[in-house]
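Down below is the structure, laid out as structure tokens.
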Amino acid sequence: MGLPYTALDLAVLLSLQDLGVKEEAALLEKIWAEEQSFLAPELVASKRTFLLDVAYWALYLREKPCIDREFPMIQQDAVDCGANLSKDAFLSDFSNLDLYFKGVRFRLRFFSDSGYIRIKFRTLLKEYGYRRRSVKLLEHMEQCMAFYQLQPYLRGSQPCQLSEISVDDMVIFRLKEPDCTSEAFS
């Protein structure tokens, strides 16, 4: 499963923030220093690899509209060579449910003054193509929230489980408080 941040995930999340070059570089330094446990294993091996891979995908995303316009010519060249390119795979928009939770953690860690992100549960499901909750979907969401250390709440700071709330409820995500009881008192 793709829970750790990949270079593509970070490039997508950075592109949504509209940062300058210096701000983006400083943020990547901070991510490298503070969020390594959330990075994909291939990114943790080397800071250089981390920075180059994120830069590669950032450039790809900036040039994607041009590449998409040229796709019919690329597809014809492939057919002429005896190959077949899937348009859906080539033009995918990279949105998925994992990226939503990655984005929540990213915004809470680096861009949120309020310390929370809220969304109507029905809206969250609809944005990612789901009409109703299934056990498998809820298990995946719980796994994402556990990995990214997110806690869902209802209004009034009432902790909740996504499986027990109404789809019309407003869900508020916050970062879980670090558990300091284990080391602080030993």
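The values are calculated or read from the model by the stated rules, or taken from the named source; none is laboratory data. Predicted, not measured: the structure shown is a model, and the values here were computed from it. Cβ coordinates were reconstructed from backbone atoms using ideal geometry, including for glycine residues, and neighbour counts include every protein chain displayed.
Structure notes:
- Within region 123-148, residues that are closer than 17 Å to VAL104 by Cβ reach partners that are of a type in the set (Phe, Trp, Tyr) with beta carbons closer than 6 Å, at six or more positions or on different chains, in the pairs CYS144/PHE101; TYR148/PHE101.
- Residue list for region 150-160, restricted to those being over 17 Å from LEU97 (Cβ atoms) and either small (Gly, Ala, Ser) or in contact with a helix residue (DSSP H, G or I) (Cβ under 9 Å, 6 or more places away or on another chain) (or both): GLN151, GLY156, SER157
- Check on LEU14, within 10 Å of PHE106 (Cβ to Cβ), out of contact with any strand residue (DSSP E or B) (no Cβ under 7 Å at 6 or more places or on another chain) and not assigned by TED's automatic domain parsing to the domain that holds TYR148: yes
- Summed over region 4-49, residues that are loosely packed, with under 15 Cβ neighbours inside 10 Å and in contact with a Phe, Trp or Tyr (Cβ under 8 Å, 6 or more places away or on another chain) total 3.
- Scanning region 96-130 for residues that are closer than 22 Å to PRO4 by Cβ and small (Gly, Ala, Ser), we see that the one that is surrounded by the most Cβ atoms within 10 Å (Cβ to Cβ) is GLY103.
- Taken over region 38-93, residues that are under 22 Å from LEU10 (Cβ atoms), among the charged types (D, E, K, R), within 22 Å of the chain's Cα centre (by Cα) and modelled with pLDDT under 85 amount to 4.
- Filter result for the condition that a residue is in the same structural domain as ARG155 (by TED's automatic domain parsing) and among the charged types (D, E, K, R), over ARG132, ARG69, ARG48: ARG132
- Qualifying positions in region 50-81 - surrounded by 13 or more Cβ atoms within 10 Å (Cβ to Cβ) and polar (S, T, N, Q): GLN75
- Close contacts from region 52-66, counting a first residue that is in the same structural domain as VAL12 (by TED's automatic domain parsing) and a second that is part of a helix (DSSP H, G or I) and among the charged types (D, E, K, R), with Cβ to Cβ under 6 Å and a gap of 6+ residues or different chains, come to none at all.
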